[in-house]
């Protein structure tokens, strides 16, 4: 038989048994729909996951704080411990496998002064070598501290905060000022209340002459300023010299211990491993992975359930296709016999039945793809109560802002093709044995069959 | 194309040698065809005549390659059809054999035209050409106004005409007819028989027909009486003599009728059953 005749005859046969064909197709539609939606939700979650990661920092970053909270296996808080973060510890961590970069972190607080105006200052002090390894944002102007010039202070997009009058004439009417980092003269002062100044010394005032500013990231970078550790130690010594003898010693001691250690691991899969090693050394550490892990796992579980449902319904539809084809062969036994006697080669009979089964799969696949686009649209529009919790959970831990436009289900171009392919393959596979059976029908018996 | 070989009147197109068919029903053996030998000549109208259960239908099925022999051999055009592959047999049927059945065996889902087209579909003939051939064939059998009718919308006689059109549409060298009028009344039977014989003679085609009806058997050039799976006697209608053995003298010959067309059907000599 010619291909065109085969197609025409197959379609005609399907059309002849309309209701049965429709019911069988329906099974394929549901299976195809489930599979496509499952994968599309997977893509949606991946996407929102990436978004979150961008917002809350790198997933490969681990931090160790001076106070380490201890959690049990279920993530419940069971206690805490004071942790001494020393230079030795930094070096020990630097020597560990998979650690790409490590830096001590010191948070310093003080004020920026510009003429009559001032503003709160919070600066993170880090080793200048890690800015690149930690993938810090690009700069609008200036440069990150480097070996030639380590004196740069890098401001986040929203830094410094708005300046206000230091000694307003009236507290009811405080004046504010927009300060231009590049033009206005600005000084940095350490908080005065911590240590007592030697009255015979001049107050320490650091002029901010070398500044840089980051582009907007919508992440925590926007609300911090950054300084090189070496440069900080230099100015801190100058600052200490202005203090009273007692406080100078106390202040100097602060340099021996850091407030935080940050490190970057080469691969997301090694985060837990490195954290475990740090734990063995007796330190508690934190990473974004810890927070996101339950989310990832929950979403994976949900996807697995959907995929299972998809596989089951595909399997059921395969059975139903096979059943339809077997029924159809019983009904058409005589027809097959006549065709054989009239000189139809066995291959054509097999092809005819395979084609009919494949066609059921194909039609089901096409409709399934259509429905899955519709379902995807509905999920994105109304699916928030069900999927919102999963997608945004990571955010709520970290107090991030609500993501305005979230797609819970994303259908990339390959997905409809995959769904269609699976449907057709299921059709062909489940049609294979019935088709083989059709070819085995003996012509003489088929002709004798009454129907 | 085959005219020359067809004109060779002494050529045996079918040779049945010691054909034997045994059915096994549990422990019992039923001998349906018992050591039968005979030849069919090109262009001959042969009738296998016998009561029901005599094994004549089985013999036909064996000759058509629908059933397998237990012993012996059947040669058609020099091919041992029992040795053919399934595919080879299908191709052979497409090109050489036509079938007319008692119960018509039309596909009820298809129109008359599509039914007649079917053998040509299997031969990979293009749609336009086979449509034309099938239409012409239906016109020839007098169903020019029934092309789009389904078998269920036609009378038995009309259905059998469709069956005949289907059997002859690919211009086969041999047509097997199994009780072609078994389900028809006597008047329609005669029409159908005239049609079959007329078409076969017009194209010098060989016909092997099975019947239990003596009147119908008389249409044949030669009648082989079958009883209990054996040849009882062979009657050569054209020569008018009766032989007890399978070997029959070639007499008369089908040439007498080769010039005949369908139009001359009514004028066929009425064979008087002796």
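Does the range A:353-361 contain at least one residue that is touching a helix residue (DSSP H, G or I) at 6+ places or on another chain (Cβ under 9 Å) and at pLDDT below 90? Talk me through it step by step, then tell me what you get.
Of all residues in the range A:353-361, those touching a helix residue (DSSP H, G or I) at 6+ places or on another chain (Cβ under 9 Å) come to A:353-361.
Checking the rest, the ones that are also at pLDDT below 90 come to none.
Scanning the range A:353-361 turns up no residue that is touching a helix residue (DSSP H, G or I) at 6+ places or on another chain (Cβ under 9 Å) and at pLDDT below 90.
Take the conditions surrounded by fewer than 20 Cβ atoms within 10 Å (Cβ to Cβ), touching a residue at least 12 places away in the same chain (Cβ under 8 Å) and not assigned by TED's automatic domain parsing to the domain that holds residue A:65 and apply them to residue A:312. Does it pass? Outline the logic, then answer.
Working: surrounded by fewer than 20 Cβ atoms within 10 Å (Cβ to Cβ): yes; touching a residue at least 12 places away in the same chain (Cβ under 8 Å): no; not assigned by TED's automatic domain parsing to the domain that holds residue A:65: yes.
In short, no.
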Is it the case that residue A:93 is crowded, with 16+ Cβ neighbours inside 10 Å, in contact with a strand residue (DSSP E or B) (Cβ under 8 Å, 6 or more places away or on another chain) and in a strand (DSSP E or B)?
no
Can you pull out the residues in the range B:126-151 that are surrounded by fewer than 20 Cβ atoms within 10 Å (Cβ to Cβ) and either in contact with a strand residue (DSSP E or B) (Cβ under 9 Å, 6 or more places away or on another chain) or facing another protein chain (nearest Cβ under 10 Å) (or both)?
B:126, B:127
Please go through the range B:104-121 and give me each residue that is facing chain A (nearest Cβ under 8 Å), farther than 20 Å from residue A:14 by Cα and assigned to a helix (DSSP H, G or I), ordered by number.
B:119
Scan B:59, B:69 and give me the residue that is part of a loop (DSSP other than H, G, I, E, B) and in contact (Cβ under 8 Å) with a residue 24 or more places away in the chain.
B:69
Any residue at all in the range B:96-103 that is touching a strand residue (DSSP E or B) at 6+ places or on another chain (Cβ under 6 Å), in a loop (DSSP other than H, G, I, E, B), touching a residue at least 12 places away in the same chain (Cβ under 8 Å) and within 14 Å of chain A (Cβ to nearest Cβ)?
yes
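Select from the range A:345-382 the residues that are within 14 Å of another protein chain (Cβ to nearest Cβ) and part of a helix (DSSP H, G or I) and write down the one among them that is farthest from residue A:34 (Cα to Cα).
Of all residues in the range A:345-382, those within 14 Å of another protein chain (Cβ to nearest Cβ) come to A:345-352, A:356.
Now narrow it down to the ones that are part of a helix (DSSP H, G or I): A:346-352, A:356.
Values: A:346: 37, A:347: 35, A:348: 34, A:349: 33, A:350: 30, A:351: 29, A:352: 29, A:356: 23 Å.
Checked the range A:345-382; the qualifying residue farthest from residue A:34 (Cα to Cα) is A:346.
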Please give the number of the condition residue A:10 fails out of (1) free of Cβ contacts under 8 Å to residues at least 40 places away in the same chain; (2) surrounded by 18 or more Cβ atoms within 10 Å (Cβ to Cβ).
(1)
Return the residues of the range B:53-97 that are surrounded by fewer than 18 Cβ atoms within 10 Å (Cβ to Cβ) and closer than 17 Å to residue A:447 by Cβ; say none if nothing qualifies.
B:68, B:86
Top-ranked residue in the range B:73-84 [being outside any helix (DSSP H, G or I) and either in contact with a strand residue (DSSP E or B) (Cβ under 7 Å, 6 or more places away or on another chain) or within 10 Å of chain A (Cβ to nearest Cβ) (or both); ranked as farthest from residue B:203 (Cα to Cα)]
B:73
Going by the conditions given, is residue A:337 part of a helix (DSSP H, G or I) and within 14 Å of chain B (Cβ to nearest Cβ)?
yes
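Looking at the range B:18-32, which of the residues that are surrounded by 15 or more Cβ atoms within 10 Å (Cβ to Cβ) and away from chain A (no Cβ under 14 Å) is modelled with the lowest pLDDT? Reasoning before the result, please.
Pass one, the range B:18-32, residues surrounded by 15 or more Cβ atoms within 10 Å (Cβ to Cβ): B:19-21, B:31-32.
Those still in the list that are away from chain A (no Cβ under 14 Å) too: B:19-20, B:31.
Working: B:19: 93, B:20: 93, B:31: 90.
Only one residue fits best here, namely B:31.
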Do you know which residues across the range A:199-220 are surrounded by 15 or more Cβ atoms within 10 Å (Cβ to Cβ) and modelled with pLDDT under 85?
A:217, A:219
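Keeping to the range A:141-169, report how many residues are in contact (Cβ under 8 Å) with a residue 60 or more places away in the chain and closer than 23 Å to residue A:115 by Cα.
Of the range A:141-169, the ones in contact (Cβ under 8 Å) with a residue 60 or more places away in the chain are A:141-145, A:149-160.
Applying the additional criterion that residues be closer than 23 Å to residue A:115 by Cα yields A:151-160.
Final tally of qualifying residues: 10.
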Are any of the residues in the range A:186-195 closer than 18 Å to residue A:120 by Cβ, within 31 Å of the chain's Cα centre (by Cα), in the same structural domain as residue A:241 (by TED's automatic domain parsing) and touching a residue at least 12 places away in the same chain (Cβ under 8 Å)?
no
List every residue pair whose Cβ atoms sit under 6 Å apart, with the two residues 6 or more apart in sequence or on different chains, where the first one lies in the range A:319-336 and is over 13 Å from residue A:352 (Cα atoms) and the second, anywhere, is outside any helix (DSSP H, G or I).
A:333/A:441; A:333/A:449; A:334/A:449; A:334/A:451
Confirm whether residue A:188 is in a strand (DSSP E or B) and surrounded by 14 or more Cβ atoms within 10 Å (Cβ to Cβ).
yes
Quick check on the range A:153-162. Is at least one of its residues out of contact with any helix residue (DSSP H, G or I) (no Cβ under 8 Å at 6 or more places or on another chain) and farther than 28 Å from residue A:251 by Cα?
yes
Does residue A:12 satisfy the criteria of being within 13 Å of residue A:324 (Cβ to Cβ), out of contact with any strand residue (DSSP E or B) (no Cβ under 7 Å at 6 or more places or on another chain) and within 14 Å of chain B (Cβ to nearest Cβ)?
no
Can you confirm whether residue A:354 is buried (at least 23 other Cβ atoms within 10 Å of the Cβ) and within 30 Å of residue B:90 (Cα to Cα)?
no
Where residue B:60 falls short, out of the listed (1) under 30 Å from residue B:19 (Cβ atoms); (2) more than 14 Å from chain A (Cβ to nearest Cβ)
(2)
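The values are calculated or read from the model by the stated rules, or taken from the named source; none is laboratory data. Just so we're clear, the structure is a prediction, and the values are computed from it rather than from any experiment. Positions of Cβ are generated from backbone atoms using ideal geometry, with glycine treated the same way; all protein chains shown enter the neighbour counts.
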